[in-house]
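The values are calculated or read from the model by the stated rules, or taken from the named source; none is laboratory data. These numbers come from a predicted model, not from an experiment. Cβ placement follows ideal geometry from the backbone for every residue including glycine, while neighbour counts extend to all protein chains displayed.
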């Protein structure tokens, strides 16, 4: 009886293995590129439901065809994929509702949470504001179809910049942020102002993905797919690990083919039952081979630590995530030094004893990679005594993007002026003047190095225990070629510090940093924050308040009373001279502002005259600033900006 069962079992095995081999061929065919009619060809890591099989891509890359358009669902909305760049791992998409709805009104924020996608560096936020009691005067996109006689709805490019138009978003019942693509080099941003909001949204936006590179598999004649959530190369003779080369074939393929051939020969030749039993045992023995092979293969893949140690494109020391997690006590909230728009900074201590500040970039911020790369590129390229030192970072392949800086122990200038370290008399005028000079020196060096900081503010000016300045946070910084007159870009920065001409014309220049530095100067004079919504509506922004006080000859009402403005004539003269410089820096027309190098020289001249030195003496440009004078970087001619207390014989730089 047992003898009769053996041929039957072998026939069953033969059929099973034959079907398995057939299914391998079908996987290769099933993952052939397809399209929905319109749009690009769809292939790994994307796959079309009802056209491809799920093993042709990852679950998050599932595409449905609707009206011959490829549709992907993200953040509970449908988006039309207009183009895919498999080489750059990016795709362009547009909200499908833009083409269908008569009145497109996004009711929730776009989110990439729990998706494998990230934003491209060319993204900006576009905001929808609903049911507002009024409309801002300029640069908004009214949504008439969602407005009533009393309540208004509109779109705008940046929520914070509405403050420059004295418009409070608190007058709106709700707001929603959606992404929009803008390439600063190819697009004229002013042209966007002539579009309506639906045309803007039709421009779409790009997302990037990270997945196994498929090109090697395709070059070898295979098609990429997924098995057990891992990349696999499907070939005509079955799946391979990377390519269709014979030596990279999965380990279990050879035993399967051997067993199938052997069983076929057994059935044809009618071999005795003893041989059938032997072959059966051999098959069982070989059935363990695939798992052991795959285990060996998986163990040979590089670990996260190995990747972190190996990637060092810019010559910067790399830290492992585990090392920084230990240094910060698992990012203990008690060790937080502060946070901003891009991440939280923690105090840490490395195994070699160095005290560090570790910036942990927010995972849900779509500009985190751009911020990370900006900081690394600028701080590895530039060295200056008043720029913060970058010790290193994690690899871009690490689970989180972390930046490691020198630890500056005495907080920020904002802390000492109007924050948790502010105490009357603790920051005397001569210290404040030194802070202004150090900051101007760092910014002048950046400008001479063709770099615009773009986020100059007192919270980004760090102080050591001797009140020496370290300018930090270069995530928004931009390269500014000397031959360029401006860079067309969406305004970015911190409300209260952003150049109004930059905000109005969308043209970034190094004079934008000069304006922000002017705000820092009036903060040093007044000890008031740059933005305070408790002040009168025309004085919410400190720079408008300062200009009004200076124009009305009311500086005495503006200056911090602890500085001795009323009692010390020398201090009063110095504060007036710095206020004069701030007034020039805060001019609404950029061409009437001084350069940072000129501002630096004026501040040093103020300091030297207060010390009893003649103006004919050297103003003290140190060796570290010599680089500022190369390539024709001489001070610009002063512009005719009249300050109320200046005598008719005075020149704009404060000399008689």
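The figures follow:
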item: Looking only at region 565-602, and only at residues there that are free of Cβ contacts under 8 Å to residues at least 24 places away in the same chain and part of a helix (DSSP H, G or I), the one that is farthest from residue 442 (Cα to Cα); result: 569
item: Pick from region 383-395, criterion closer than 17 Å to residue 471 by Cβ and crowded, with 18+ Cβ neighbours inside 10 Å, ranking: nearest to the chain's Cα centre (by Cα); result: 390
item: Verdict on residue 373 being under 21 Å from the mean Cα position of the chain (by Cα) and at pLDDT below 75; result: no
item: Boolean, residue 427 is buried (at least 16 other Cβ atoms within 10 Å of the Cβ) and not assigned by TED's automatic domain parsing to the domain that holds residue 525; result: no
item: Test for residue 570: is it closer than 18 Å to residue 603 by Cβ and surrounded by fewer than 17 Cβ atoms within 10 Å (Cβ to Cβ); result: yes
item: Leading residue by the ranking (surrounded by the fewest Cβ atoms within 10 Å (Cβ to Cβ)) among those in region 120-148 that are part of a loop (DSSP other than H, G, I, E, B) and under 24 Å from the mean Cα position of the chain (by Cα); result: 121
item: Extreme residue, surrounded by the fewest Cβ atoms within 10 Å (Cβ to Cβ), among residues of region 101-119 that are touching a helix residue (DSSP H, G or I) at 6+ places or on another chain (Cβ under 6 Å) and within 16 Å of residue 198 (Cβ to Cβ); result: 103
item: Within region 409-422, tally of residues that are touching a residue at least 24 places away in the same chain (Cβ under 8 Å) and either out of contact with any strand residue (DSSP E or B) (no Cβ under 9 Å at 6 or more places or on another chain) or part of a loop (DSSP other than H, G, I, E, B) (or both); result: 6
item: Any hit, region 455-469, residues being at pLDDT below 90, crowded, with 20+ Cβ neighbours inside 10 Å and either assigned by TED's automatic domain parsing to the domain that holds residue 578 or not in a loop (DSSP other than H, G, I, E, B) (or both); result: yes
item: Unmet requirement for residue 399, which otherwise passes all of (1) in a loop (DSSP other than H, G, I, E, B); (2) outside the structural domain of residue 356 (by TED's automatic domain parsing); result: (2)
item: Residue that is modelled with the lowest pLDDT, among those in region 172-191 that are in a helix (DSSP H, G or I) and touching a strand residue (DSSP E or B) at 6+ places or on another chain (Cβ under 9 Å); result: 189
item: Residues of region 354-370 satisfying the condition of being modelled with pLDDT of 80 or more and not in a strand (DSSP E or B); result: 354
item: Count - residues of region 498-546 that are within 20 Å of residue 591 (Cβ to Cβ), modelled with pLDDT of 80 or more and assigned to a loop (DSSP other than H, G, I, E, B); result: 3
item: Subset of region 323-345 that is part of a strand (DSSP E or B) and more than 14 Å from residue 391 (Cβ to Cβ) - its residue that is modelled with the lowest pLDDT; result: 339
item: Looking only at region 423-443, and only at residues there that are part of a loop (DSSP other than H, G, I, E, B) and at pLDDT 90 or above, the one that is nearest to the chain's Cα centre (by Cα); result: 427
item: Output for region 70-100, where each listed residue is loosely packed, with under 13 Cβ neighbours inside 10 Å and under 16 Å from residue 204 (Cα atoms); result: 83, 85, 100
item: Filter result for residue 552 (at pLDDT below 95, assigned by TED's automatic domain parsing to the domain that holds residue 458 and surrounded by fewer than 20 Cβ atoms within 10 Å (Cβ to Cβ)); result: yes
item: Any hit, region 371-379, residues being surrounded by fewer than 20 Cβ atoms within 10 Å (Cβ to Cβ) and either more than 17 Å from residue 462 (Cα to Cα) or not assigned by TED's automatic domain parsing to the domain that holds residue 558 (or both); result: yes
